[in-house]
Amino acid sequence: MSAGTEGATQSNRGSLEKRLSKQSLLDQGFFWLTLVMAIGIAAVLAFVIYEIGRSALPAIQTFGLGFLFSTTWDPVQNVYGALPQIYGTLVTSAIALFLAVPIGVGVAVFLTEDFVPGYIRTPISFAIELIVAIPSVVLGLWGIFVFIPFIRPFYQVLNSTLGWIPLFAGVPRGYSLLTLGIILAIMIVPIIISITRGTLLSLPPELRQGAMAMGATRWETIIRVLIPAGLSGIIGSVMLAFGRAMGETMVAAMLVGNSNRISISLMNPGATITSLIASQFGEAGRTQVAALLYSGLVLMVLTLLVNIFAEMIIKKFQNVE
């Protein structure tokens with residue numbers, strides 16, 4: 001090998017080593033940057049929980065776990081319990097999921113599987129995205145002035161027909177757990193549609209082609225192949241929507257009726273944790289503020305439990321040990 005060739009080889013080798021060294025430094029820098037960001041997010045969450053818990057500590061010390069099971073909310077006597085609000089939060093969120101999940105998954109399948117031409121799908125997708133951009137207070141006003149007058153006759157028919165069932169007993173006034181559940185369903189449907197659609201689009205095309213090659217119809221392919229394959233993403237969208245429904249504030253305060261009682265009937269007014277905080281925080285005294293923050297801490301714990309449960313289900317369907 002000539003001296004010139006050997007020198008060129010050594011030069012190329014040195015250049016390659018420099019590039020590899022530089023790439024390694026960039027990789028390490030990116031790793032540490034993402035690690036700091038991840039730790040920062042966890043630190044912010046821990047700080048929020050700490051501050052809320054510290055501010056709620058007087059109520060925690062005074063009422064203890066009895067706060068979760070008491071139905072009394074009396075600012076005059078400074079006696080507080082959040083069971084009706086916890087009940088209302090869970091019931092309205094469950095109603096929203098019951099209505100939104102089949103609609104959201106169905107629309108996502110409709111937009112994904114080419115049932116209609118693109119010039120029809122595109123406006124539908126755009127309209128769905130616009131629902132997310134509607135401020136909650138505007139949706140609450142729409143619920144008061146448009147939706148409740150529209151839905152009240154249907155409530156009356158439902159009550160006169162199925163009033164013997166406890167869920168539909170009582171006087172249908174409009175401001176109720178059912179009304180809030182329906183409006184929350186409208187708010188969370190776009191979340192389910194967006195995530196479910198993305199999940200279905202990310203599935204390998206071989207799944208569709210293989211199912212069709214085996215003689216499956218389009219609906220058999222969707223129900224037996226695509227939805228099971230994307231089930232983890234669908235469940236993730238449902239749990240995210242559930243957390244969104246639990247944390248909604250202004251719509252809840254405007255439409256639920258703010259009645260501090262537990263009612264089996266969905267036609268009756270109720271209360272949620274967020275509606276309680278929104279309606280009373282501005283005029284609350286020191287003990288009442290601590291009780292409201294205690295209820296906010298309960299809501300945060302419920303939301304975290306929902307997210308943990310969602311992660312467990314997703315890992316189960318992904319076969320992650």
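Numerical summary
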{"read-out": "Mean ellipticity per residue at 222 nm, deg cm²/dmol - from DSSP H runs of n ≥ 4 across the chain, formula -39500 (n - 2.57)", "value": "-24500 deg cm²/dmol"}
{"read-out": "Sorted by Cβ neighbour density within 10 Å, fewest at the top, the residues Y175, Y294", "value": "Y175, Y294"}
{"read-out": "Sequence of V146, V137 once ranked by neighbouring C-beta atoms within 10 Å, starting from the fewest", "value": "V146, V137"}
{"read-out": "Relative exposure of E113, E51, judged by other C-beta atoms within 10 Å (fewest first)", "value": "E51, E113"}
{"read-out": "q = 0.13 Å⁻¹: log10 I(q)/I(0) that the Debye formula gives for the chain, counting C-alpha atoms only", "value": "-1.09"}
{"read-out": "Kyte-Doolittle at least 0.0, axis length at least 18 Å by Cα - qualifying DSSP helices, the chain", "value": "3-63, 83-112, 118-133, 148-162, 177-201, 231-247, 286-317"}
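Coordinate-derived values only; no laboratory data. Computed from a predicted structure; not experimentally measured. All Cβ positions, even for glycine, are placed from backbone atoms using ideal geometry, and neighbour counts span all protein chains on display.
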